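Take a look at the structure below.
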Amino acid sequence: MKELLRVESVRKYFPAKGGNLLRAVDDVSFSVKEGLVFGLVGESGCGKSTLARLILRLILPTGGKIFFDGLDVVEARGEVLSKIRKGLQIVFQDPFASLNPRRRVIDTIGEALIVNKIVKKAEAKDRVVELLKRVGLNGDSLYKYPHELSGGQRQRVCIARALAVNPKLIVADEPLSALDVSIQAQIINLLEELQKGSQLSYVFISHNLQVIEHFSDVVAVMYLGKIVEFGATEELFEEPLHPYTEALLSAAPKIGVEGKGKKIILEGDIPSPLNIPSGCPFHPRCPKRFKPCDRLVPAFKEVSSKRWVSCHLWDEVLK
C-alpha cells in the first residue's frame, strides 16, 4: 500500500515569556497509507491541532521533515506548493468560524474551483451543485449564507469545499465536536461514504474514543506533544500497551459492558508544555512508574508487529 504522508521527527516550539519554550509538538514521526484513516487521539492541549497545521503547512515546524506524495512540504515553493495544497485539505472544528459570513455557499465552494482552474467560471455553478449533492445537500443551499444553515449543513459545506480540489488526503481536526450528537453520526457516515467511493485518506483528530474506534484503521495516542503509542485500531483498543492509553480507554463510556474493566484515575493534572517533566513526560501521573521513569526519556520503539510504544515497561519486557 502506497505511503501518502510521512512525518519525520517533527517539532514545533513556540517562544514564551522568560525565554522559555512551549513544546507543542516534540519529535513526532508517523506515516499515513493511501486509502486509510489515521486516527489521532489525546487530551486537550496535547498538540493534536498544532500537528494538523504543521501537516498543512499553515505553520512551519521548528525542526523535522514532512513529505506528502513524495514532495517536501516544508521546503516546497511555487507550483510544487500549489500541488501539495490541492492534494491536502482540512476540515476545521468549527464550521461557522471557518466559513466567511459574508459569502454565499456558491462563492465559498466556487472560488476553490476557479482559483485552482478545475472548471471555467461558466461551469462553476453546475460543479458546485454536484459537490453539494455529494455531501447530502441540494441546490437550495447555493445562495445561502452560513448563518442561514444549520451546524450540520455548514460542516457539509466545509467538506464540499475540501472535496472541490479532488484531494488525496483530508485532515479532519475535531470535525464533530461543535455538532449535536445526532448530526455527528450523519457527518461520520458521510466521511465513510466519501472514502468508499475513492482512495481518499484521512488524518482524523478527535478526543472522542468511540468515534476513533469506529472510524480509524490505525491510531496514534498523543501526550504532551509526543506520540506515546501507535497501532492498528482493533489491537490498540483491545490491548493498550502504554499506561496512558490504558487510562484513556478505561475512562471512555462503553455501551453494554457495564462493570467490565476498572476505571483508572490518574493522579494530578497534565503538566504544562512550558515545564515538561524530566524523563518520561507521563511519569508524574503514571500508576506504573518505577526507577528510570523520572530520569530517562523512553525511546519510541516497535514492540510487536506494527505496535509502537514509548514506555520503560517495555524495555524490561524486551530484554
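Since every read-out is calculated from the coordinates, none of them should be taken as a lab result. Keep in mind that this is a model prediction, so the values were computed, not measured. Cβ placement follows ideal geometry from the backbone for every residue including glycine, while neighbour counts extend to all protein chains displayed.
Screening S44 against (1) within 13 Å of the chain's Cα centre (by Cα); (2) more than 21 Å from D69 (Cβ to Cβ); (3) surrounded by 15 or more Cβ atoms within 10 Å (Cβ to Cβ) leaves a single unmet condition, (3).
So which residues in segment 75-132 are assigned to a helix (DSSP H, G or I), loosely packed, with under 15 Cβ neighbours inside 10 Å and of a type in the set (D, E), if there are any at all? Residues satisfying the conditions are E79, E123, D126, E130. Quick one: would you say L54 is within 30 Å of A252 (Cα to Cα), more than 13 Å from the chain's Cα centre (by Cα) and not in a loop (DSSP other than H, G, I, E, B)? Against the criterion (within 30 Å of A252 (Cα to Cα), more than 13 Å from the chain's Cα centre (by Cα) and not in a loop (DSSP other than H, G, I, E, B)), L54 does not qualify. On the stretch given as segment 99-157, residues that are on the phi > 0 side of the Ramachandran plot and touching a helix residue (DSSP H, G or I) at 6+ places or on another chain (Cβ under 7 Å) total 1.
Out of curiosity, is L179 touching a Gly at 6+ places or on another chain (Cβ under 7 Å), within 26 Å of R103 (Cα to Cα), in contact (Cβ under 8 Å) with a residue 12 or more places away in the chain and not β-branched (V, I, T)?
On the way: touching a Gly at 6+ places or on another chain (Cβ under 7 Å): yes; within 26 Å of R103 (Cα to Cα): yes; in contact (Cβ under 8 Å) with a residue 12 or more places away in the chain: yes; not β-branched (V, I, T): yes.
Criteria met by L179.
Taking the criterion of being in a loop (DSSP other than H, G, I, E, B), out of contact with any helix residue (DSSP H, G or I) (no Cβ under 7 Å at 6 or more places or on another chain) and of a type outside the set (A, V, I, L, M), the residues of segment 57-74 that qualify are R57, T62, G70. When S201 is tested against (1) closer than 20 Å to G47 by Cβ; (2) buried (at least 22 other Cβ atoms within 10 Å of the Cβ), only condition (1) is not met. Filtered by the rule that a residue be closer than 29 Å to S9 by Cα and assigned to a loop (DSSP other than H, G, I, E, B), segment 178-228 gives Q199, L200, H207, N208, S216, D217, L224, G225.
Results for (1) touching a residue at least 24 places away in the same chain (Cβ under 8 Å); (2) surrounded by 15 or more Cβ atoms within 10 Å (Cβ to Cβ); (3) within 17 Å of the chain's Cα centre (by Cα), shown as yes or no for each residue.
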| residue | (1), (2), (3) |
| --- | --- |
| E192 | no, no, yes |
| S206 | yes, yes, yes |
| M222 | yes, yes, yes |
| F237 | yes, yes, no |
| S250 | no, yes, no |
| L266 | no, yes, no |
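The combined condition, being surrounded by fewer than 17 Cβ atoms within 10 Å (Cβ to Cβ), among the hydrophobic types (A, V, I, L, M, F, W, C) and more than 26 Å from the chain's Cα centre (by Cα), is not fulfilled by L274. If I filter segment 277-310 down to residues being of a type in the set (D, E, K, R) and within 20 Å of R23 (Cβ to Cβ), which single residue comes out as surrounded by the fewest Cβ atoms within 10 Å (Cβ to Cβ)? This residue is R295.
Looking at S29, S9, S44, S49, which is the one that is among the polar types (S, T, N, Q) and out of contact with any strand residue (DSSP E or B) (no Cβ under 8 Å at 6 or more places or on another chain)? It would help to see each step written out before you state the result.
Working: S29 fails: out of contact with any strand residue (DSSP E or B) (no Cβ under 8 Å at 6 or more places or on another chain); S9 fails: out of contact with any strand residue (DSSP E or B) (no Cβ under 8 Å at 6 or more places or on another chain); S49 fails: out of contact with any strand residue (DSSP E or B) (no Cβ under 8 Å at 6 or more places or on another chain).
Going through S29, S9, S44, S49 in turn, the sole match is S44.
Screening V181 against (1) surrounded by fewer than 16 Cβ atoms within 10 Å (Cβ to Cβ); (2) β-branched (V, I, T); (3) touching a Phe, Trp or Tyr at 6+ places or on another chain (Cβ under 7 Å) leaves a single unmet condition, (3).
Test of understanding: among S29, S49, which residue is closer than 22 Å to P167 by Cβ and touching a residue at least 60 places away in the same chain (Cβ under 8 Å)?
On the way: S29 fails: closer than 22 Å to P167 by Cβ.
The conditions single out S49.
Scanning segment 138-173 for residues that are under 14 Å from L191 (Cα atoms), in a helix (DSSP H, G or I) and acidic (D, E) gives no hits.
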